[in-house]
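The values are calculated or read from the model by the stated rules, or taken from the named source; none is laboratory data. Here the structure is a predicted model, which means the values were calculated and not measured. Using ideal geometry, Cβ is built from the backbone for each residue, glycine included, and neighbour counts are taken over all protein chains shown.
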Amino acid sequence: MALSNIGVKKRYKVGIPRALHYYRYYPFWKKLLEELDAEIVLSPPTNKKIVEEGVTHGFGELCIPVKIYYGQVLKLVEANPDLDFIFVPRYVSEVPESYFCPKFLSLPDVIKILPIPKILNFEVNVKDFPISTSAIELGKQLGKGQNASLDAYNKAQTYFDDYHRFLREGGSVNHALRLVQRSLPFKLPKKKVQGDIRFLLLGHAYNIFDTFINLDFIKKLHNQGVEVLTIENLPEYLFKKPVIVNPRGGILRNYWRHEEEIMQAIRFFLTKGRNEIDGVIFLISFACGPDSLISELIMRDMKVVGLPFLEIIMDEHSGEAGMMTRIESFVEMVRRKRKKLGLEPRWKSKINFYEAT
C-alpha cells in the first residue's frame, strides 16, 4: 500500500536567475529562502546561447544585463519544468534617499512577457515599509507564518552581514558567491593576487562579476600584473555620507542608488585615498543613462587630480581583441608613470584606508 501524502507540507521549488541583482543579493536570498524551507534552483553561468536568447526577447533599448536576465529566466524554465516559482524581486528603494533604476522597479511586470511559472514576490521599498514586512509576505507565499518568516529574515541578514565583512577583508565577490552556493564558510584563498599597480574597478556588480559578458575582465587585469579593488572591498564608513554635486552654486543629490555608491567610492580616492590607487576603470553597459551621466562627472574629477581614467562600454557585440588593446595600453601608461616617479611596486605595501572623521 502506498504511503499517504496527507498532512505532508509541500517543499516549494524556487528558481533564481543568475543575473542582475544575483551578484549583489544572492547570499541574502539563498539564506532567506532556505530558512523558509524552499528548494533553490540556480540558473547556469551566462553563456553565448543565454545571451542570444535574451537579445532575441529583449527590445533594442534594453541594456545587456537585462537582456541576459531574460535569457537566464528562459534557460532556468527550460531546464527545470517542475519549478513552482521564479524568484523575481522588485527593488524600489533600499535607503530612503534614492531609488533603483526603473528597469529593476518594473522587472516582475515586464518578465511576465516570457512563458514562466508563478512569480515569487519580494518587494524592497523602505520608503513605504521595512524589509522585514516583505519577508513576512514572502513567507506567506511559501506557507510560513509570521514568526518563522521574521526568524528567517534575521538569520539571512546576519549571514549577509558576514558576507560583506568577508568582502571588506579582501575577498572577491565571485569567490564568495561560490562559497555561498556550496554552503561553505567564508575563507580567503591561500594564493593572493599581487600586482605592482592597483586599479579601482567601478561599475555595477552585474557588469563586473559576470565573466562572460565582460570577457573575464578582472582576470585580464590580474594577468597584466594589476591588483584590483571594487566597491565591495571598501570600508562601510565610506558610504555613510551622501555625495553633493554643486553645479554653478546649486546643490544636487544623486537620485539613483547604484550611482550614489559609485560616487561615494570615487570621492574617497579623490581626497584622502588619492595615493592608494594608480588608476580607475569604469565598466558601463551600453544604453545605461545614469552611468553615462556620472561617468562624465568622474572623468572631469580625474583630470583635476591627475588620476588616469578609462571608460569601457559593453554590449552583446563587445570583442576581446579591442578590449585587450585598451587594457594593455592603459596598464602600460600607468606603469610608465609610476616608474618615472620612482615608486615602489604596490605589493610591497598594504592598503591604508583612513578612518572616518
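Consider region 140-156. How many of its residues are closer than 11 Å to residue 37 by Cβ and within 25 Å of the chain's Cα centre (by Cα)?
Adding up the residues that qualify gives 1.
Can you run down the residue pairs with Cβ atoms below 6 Å, 6 or more apart or on separate chains, where the first is in region 194-210 and outside the structural domain of residue 19 (by TED's automatic domain parsing) and over 15 Å from residue 261 (Cα atoms) and the partner is part of a helix (DSSP H, G or I) and hydroxyl-bearing (Ser, Thr, Tyr)?
209/23
Hey, does region 48-64 have a residue that's buried (at least 19 other Cβ atoms within 10 Å of the Cβ), in a loop (DSSP other than H, G, I, E, B) and at pLDDT 95 or above?
Within region 48-64 (the criterion being buried (at least 19 other Cβ atoms within 10 Å of the Cβ), in a loop (DSSP other than H, G, I, E, B) and at pLDDT 95 or above), the answer is no, since none of the residues qualifies.
Quick check on my filter: what residues within region 229-244 are under 12 Å from residue 265 (Cβ atoms) and aliphatic (A, V, I, L, M)?
229, 231, 234, 238, 243
Which residues, counting only those in region 233-256, are crowded, with 20+ Cβ neighbours inside 10 Å and under 26 Å from residue 102 (Cβ atoms)?
Across region 233-256, the qualifying residue is only 254.
Pairs please, first residue from region 133-161 and closer than 19 Å to residue 12 by Cα, second anywhere and small (Gly, Ala, Ser) and surrounded by fewer than 18 Cβ atoms within 10 Å (Cβ to Cβ), Cβ atoms under 9 Å, 6+ apart in sequence or on different chains.
Matching pairs, first to second residue: 136/145; 139/145; 139/148; 149/132; 150/132; 153/132.
List every residue pair whose Cβ atoms sit under 7 Å apart, with the two residues 6 or more apart in sequence or on different chains, where the first one lies in region 79-108 and is touching a residue at least 60 places away in the same chain (Cβ under 8 Å) and the second, anywhere, is of a type in the set (Ser, Thr, Tyr) and part of a loop (DSSP other than H, G, I, E, B).
Sorted first by the residue in region 79-108, then by its partner, the pairs are 84/12; 85/12; 98/255; 99/255.
Can you pull out the residues in region 274-303 that are under 21 Å from residue 324 (Cβ atoms) and of a type in the set (D, E, K, R)?
Our first condition is that a residue be under 21 Å from residue 324 (Cβ atoms); within region 274-303, this holds for 278-286.
Of everything in region 274-303, just one residue is under 21 Å from residue 324 (Cβ atoms) and of a type in the set (D, E, K, R), namely 278.
Based on what the data block shows, is residue 108 in contact with a Lys or Arg (Cβ under 7 Å, 6 or more places away or on another chain) and closer than 24 Å to residue 133 by Cα? Write out each step before concluding.
Details: in contact with a Lys or Arg (Cβ under 7 Å, 6 or more places away or on another chain): yes; closer than 24 Å to residue 133 by Cα: yes.
When the stated conditions are applied, residue 108 passes them.
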